[in-house]
Amino acid sequence: MSAFLGLLQAGGGRLSRMVRGCSWQRRTVFYKNSRAGVFDHTVFYKGHVMKLTGGCYCKEIRYSYEGDIKASLQCHCRECQYITGGHPNAIVIFDLEGFNYEKGTPSSFKRTDLERPVTRFFCPTCGTAIGTQTPMRPGAMVVKVGTLDDPSVYKPQIAIFTVDKQAFHHIPDDVKAFERRPG
C-alpha cells in the first residue's frame, strides 16, 4: 500500500475516491482546452499497476497502457535532442504487451544508416512523437511523457547520456545521472 500512496503523491495526490470493496483507485482530472472544450481523463491504479491513456496533439492517435511503469527517465543524448528540439527526452518505459493503440495508426521511421536503429512512432497528421521501440529493450514501448493524458505521473528516476547534456538542461538533485547507460 505504501508504494501505491507514494505513486499517488508523486502524481499529485488528486485522488477522487476509493472504489468500495475493491483495491482499485480512481483519479479524474478535468482539462479545459479552448479548441476542444472540456473533457475528463480517468486514471485507474491497482497497487502500483496503472491504467494510463494518451495520444497525439490532434487526437488522431490514442493509446492505452495497463501495467507497471518499468522506468521513468530523462535522456540527454544528441539523438533525443534532435527529436525534442534541443531538450532532454522525458520518457517512461512500458511493457509492450500492456500497450495498445485505441485509435489511429502511427507512422514510423527507422534510420537505415545505423546498425541497431530505434523505430520512432509519430502521428501522420500533426507529427507528435508518440514513442519508440528499441533493440536495447525488446518487448518494451518507450513513450514520450508529453503524450500522456496525465503527465503528472512522471517522476524521473535517472538521467542518461549526460555526456551530451547541454548547459541549459536541468537534472533534479534527487535523480541519479549517468554519462551513458547504467550498468
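Give VAL43, VAL92, VAL142 a once-over and let me know the one that is among the β-branched types (Val, Ile, Thr), modelled with pLDDT under 90 and either within 25 Å of HIS169 (Cα to Cα) or not in a loop (DSSP other than H, G, I, E, B) (or both).
VAL43
Annotation: of all residues in the stretch 121-178 being over 15 Å from the mean Cα position of the chain (by Cα) and of a type in the set (Phe, Trp, Tyr), the one that is surrounded by the fewest Cβ atoms within 10 Å (Cβ to Cβ) is PHE168.
Using the structure shown, decide if THR105 is part of a loop (DSSP other than H, G, I, E, B), at pLDDT 90 or above and of a type in the set (Val, Ile, Thr). So THR105 passes the test.
Yes/no per residue for (1) among the acidic types (Asp, Glu); (2) at pLDDT below 95:
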residue	(1), (2)
ILE61	no, no
LEU73	no, yes
THR84	no, yes
GLU97	yes, yes
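Condition check for GLY104 on (1) in contact (Cβ under 8 Å) with a residue 24 or more places away in the chain; (2) in contact with a Lys or Arg (Cβ under 7 Å, 6 or more places away or on another chain); (3) crowded, with 19+ Cβ neighbours inside 10 Å: one failure, at (3).
Can you tell me which of (1) crowded, with 18+ Cβ neighbours inside 10 Å; (2) closer than 18 Å to PRO151 by Cβ is the one HIS76 doesn't meet? If we test HIS76 against (1) crowded, with 18+ Cβ neighbours inside 10 Å; (2) closer than 18 Å to PRO151 by Cβ, just (2) comes out false.
The values are calculated or read from the model by the stated rules, or taken from the named source; none is laboratory data. Just so you know, these numbers come straight off a predicted model, no measurement behind them. Cβ sites come from the backbone with ideal geometry, for glycine too, and all protein chains shown count toward neighbours.
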